[in-house]
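Data first, discussion second: the structure below is written as structure tokens.
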Amino acid sequence: MTKRNQIYKCTVCGNIVEIVHGASGQLVCCGQPMKLMEEKTADSSTEKHVPVIEKKGDGILVKVGSVPHPMEKEHYIEWIELIADNVSYKKFLKPGDKPEAFFPVKGETLSAREYCSVHLLWKS
Ligand SMILES: [Fe+2]
């Protein structure tokens, strides 16, 4: 059983998929069930992953995190998603980029998610 917006990962090949329409079937990749990624919401280490949302000028800035996250080849933020009033916006990042994304949108009900290549899925 899948639900919209869930993120699943294949632990064999690393494929990652997002559900846009949930249904009763089980997702399988490389011959195995895909793993549902848990949305973590609290950092216990010094490395900060929880997205920080700031309204800025003509839009919304999402930073990862309260201390900038590393953006190295083996450890970086792959994407940042903003959900503003039930509409989702996503920016894909690469090593060397700043660990943040600016979305030129407005919204009242805001949340954000990000995916770290090592520490997986986080939400605020
Ligand atoms: Fe990380």
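Read the figures in this text as sums done on the coordinates, not as results from a lab. All of these numbers come straight from a predicted model, not from anything done at the bench. Neighbour counts are summed over all protein chains in view; Cβ atoms, including those assigned to glycine, are modelled from backbone coordinates with ideal geometry.
See the values below:
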{"read-out": "Exclusive hit being among the β-branched types (Val, Ile, Thr), under 22 Å from residue 83 (Cβ atoms) and free of Cβ contacts under 8 Å to residues at least 24 places away in the same chain, set 7, 19", "value": "19"}
{"read-out": "Residue within segment 64-78 that is in a strand (DSSP E or B), more than 14 Å from the ligand (Cβ to nearest atom) and in contact (Cβ under 8 Å) with a residue 40 or more places away in the chain present", "value": "no"}
{"read-out": "Hey, residue 23 within 15 Å of the chain's Cα centre (by Cα) and among the hydrophobic types (A, V, I, L, M, F, W, C) or not", "value": "no"}
{"read-out": "Which numbered condition residue 51 misses (of (1) loosely packed, with under 15 Cβ neighbours inside 10 Å; (2) touching a residue at least 40 places away in the same chain (Cβ under 8 Å))", "value": "(1)"}
{"read-out": "Output for segment 84-124, where each listed residue is basic (Lys, Arg), more than 16 Å from the ligand (Cβ to nearest atom) and either part of a loop (DSSP other than H, G, I, E, B) or farther than 26 Å from residue 15 by Cβ (or both)", "value": "106"}
{"read-out": "Search result, residues across segment 32-59 that are in a strand (DSSP E or B) and within 16 Å of the ligand (Cβ to nearest atom)", "value": "40, 52"}
